[in-house]
Amino acid sequence: MKRDIEKMDLLQGTLDLLILRTLKRGWSHGYEIAQHIRQMSEEVLQIETGSLYPALHRLEAKGWITAEWDLSEKGKRARYYRLTPAGRKHLDSERSKWQTFVRAIGLILDPADQEGE
């Protein structure tokens, strides 16, 4: 299904959560992470390299992910990332907060009584 949305701005911190969730699947290099997010969001979320790599470096500096160099499927050198135990714990905490946030927004956007709409 083609979306009318050209580009969506991510809320502050949302990209980190999406990266951590993607890495829960296992080792991935940057391009794979961006592709997974794009595909899972049905093409709505397009992560640019100018946003992705600073986020990966930030997450690595916080100890939530680790990285090492290896060869990609195409035989090119690539940096592969994976979730650390601290990253998994942070993901669980942030996921819970995000679910609460989404529920709260939903209550405002679609109130049960429809406020006379």
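Here is how the numbers come out for the structure above:
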quantity	calculated
In segment 90-113, the residues that are free of Cβ contacts under 8 Å to residues at least 60 places away in the same chain and either within 23 Å of residue 32 (Cβ to Cβ) or of a type in the set (Phe, Trp, Tyr) (or both)	92, 101
Residue count, segment 23-45 (criterion: among the β-branched types (Val, Ile, Thr) and surrounded by 16 or more Cβ atoms within 10 Å (Cβ to Cβ))	2
Residues (assigned to a loop (DSSP other than H, G, I, E, B) and surrounded by 14 or more Cβ atoms within 10 Å (Cβ to Cβ)) located in segment 46-103	46, 47, 64, 84
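Read-outs: derived from the displayed coordinates by stated rules, not from any lab. All values reported here derive from a predicted model rather than from experimental measurement. Cβ: placed from backbone, ideal geometry, glycine included. Neighbour counts: every protein chain shown.
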